[in-house]
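Read through the structure below, which is laid out as structure tokens, and then see the notes.
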Amino acid sequence: MQGTPRILVKGAGVAGMTAAVTLAERGGRVTLYDPGGRVGAGASWMAGGMLAPWCEAESAPEEVTAQSVASVDWWAAHVPDVVRAGSLVLAPPRDVGEVARFGRRTSHFQTVDGEQIAELEPDLAGRFHKGLFFAEEGHVDPRKALVALLASLKSMGGQAIFNETDEPDAAGFDWVVDCTGLNVRKALPALRGVRGEMLLLRCPDVALHRPVRMLHPRIPIYIVPRADHVFMVGATMIESENAGGMTVRSITELLNAAWVLHPAFAEAEILEMGTGVRPSFPDNMPRVIQDGHTVYVNGMYRHGFLLSPTRAQEAADIVFGTAG
């Protein structure tokens with residue numbers, strides 16, 4: 001293809017934003033469009049933002065870790081406020097056996113005792129006597145990160161269109177990179193939706209420096225610190241396409257996990273509760289699929305922030321003719 005390719009990126013979630021920025025960095029003339037009317041209108045707005053390739057190895061295929069170990073560096077190079085303080089895995093005393101099980105399935109961690117846990121997280125002193133510390137991991141606030149990527153795209157000359165009705169005509173572009181999740185089920189019929197749930201809490205009496213994964217035999221929970229003593233509390237993934245509100249049971253489980261981590265969460269202010277349905281393929285691995293001059297980046301499952309940089313590079317390699 002001669003000249004600068006004109007590229008329409010559809011979808012302004014984490015897959016679309018990383019693709020748009022990567023394509024612009026490679027020299028593409030990028031137009032970003034999202035029918036939701038803003039950046040992060042879908043499930044990405046509800047994400048935890050954990051950049052945890054080694055922790056994810058507990059339940060994900062080896063490919064997830066292999067393809068995401070550079071994700072912390074990518075995010076740190078593209079958005080401000082990436083925290084590189086590692087991840088801490090804990091379990092309440094009755095479930096402490098889960099810590100050993102988690103360790104058998106992962107690597108790149110240090111087993112820590114109660115004293116070491118207190119050094120890492122002083123507010124948890126005396127509450128846990130065994131855990132795993134993954135020092136090479138990090139986390140990012142998804143909402144701030146997506147907004148920062150949009151600013152970066154615009155600084156490179158990219159255009160963003162947020163309109164619910166007036167989708168740009170694909171005929172005006174050399175390539176379409178479609179990152180619209182379940183909206184493309186007709187083209188990608190293998191997709192299914194997997195529900196995630198989250199709470200945002202404000203608790204001035206607790207300070208954490210890194211994400212904490214609270215292990216439980218049935219539903220592991222993670223607590224991710226954000227600015228101003230705000231914490232995101234999330235479940236893993238639920239095999240359901242129900243996009244409705246949270247159930248009493250789900251809210252109770254999330255709040256109970258926070259309370260077990262630290263009793264001060266009993267007085268926390270609930271700022272927000274939400275659900276998101278994430279697109280997933282049967283093997284839960286995100287894919288880049290070419291169909292003529294349309295490239296689909298989809299099926300992010302729970303790996304959006306981890307694997308979107310790698311998938312964006314794959315899409316760019318197709319567009320610029322450098323795919324292996």
Exercise for review: Counting only residues that are among the aliphatic types (A, V, I, L, M) and touching a residue at least 24 places away in the same chain (Cβ under 8 Å), give me the helices (runs of 4 or more DSSP H) lying completely in the stretch 3-94 with at least 1 of them.
Suggested key: 14-25, 62-68, 71-78
Check your understanding: In this structure, does Gly193 turn out to be closer than 20 Å to Gly48 by Cα and not charged (D, E, K, R)?
Key -> yes
Review point. Within the stretch 113-129, is there a residue that is within 17 Å of the chain's Cα centre (by Cα) and either free of Cβ contacts under 8 Å to residues at least 40 places away in the same chain or within 26 Å of Val69 (Cα to Cα) (or both)?
Key: no
Revision key, fill the gap. Just one listed residue, out of Leu191, Leu208, Leu200, is touching a Pro at 6+ places or on another chain (Cβ under 8 Å) and under 23 Å from Met300 (Cα atoms), and it is Leu191
**Study point:** Sole exception among (1) open to solvent by less than 60 Å² (accessible area, probe 1.4 Å); (2) under 30 Å from Phe134 (Cβ atoms); (3) in contact with a strand residue (DSSP E or B) (Cβ under 8 Å, 6 or more places away or on another chain) for Leu182, by number
**Key:** (2)
Check your understanding: If a residue has to be closer than 27 Å to Pro93 by Cβ and in contact with a Gly (Cβ under 6 Å, 6 or more places away or on another chain) to count, how many in the stretch 239-281 make the cut?
Key -> 0
Practice item. Identify all residues within the stretch 254-282 that are open to solvent by 30 Å² or more (accessible area, probe 1.4 Å), closer than 26 Å to Met300 by Cβ and hydrophobic (A, V, I, L, M, F, W, C); write none if there are none. Key: Leu271, Met273, Val277
Exercise for review: Give the number of residues within the stretch 71-125 that are exposed (fewer than 12 other Cβ atoms within 10 Å of the Cβ), of a type in the set (A, V, I, L, M, F, W, C) and in contact with a helix residue (DSSP H, G or I) (Cβ under 7 Å, 6 or more places away or on another chain).
Suggested key: 0
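The values are calculated or read from the model by the stated rules, or taken from the named source; none is laboratory data. Everything numeric here is computed off the predicted structure, so don't read it as measured data. Neighbour counts are summed over all protein chains in view; Cβ atoms, including those assigned to glycine, are modelled from backbone coordinates with ideal geometry. Each accessible area value is taken on the protein alone, full model and side chains, heavy atoms only, with ligands, DNA and RNA left out. Shrake-Rupley method; radii C 1.70, N 1.55, O 1.52, S 1.80 Å.
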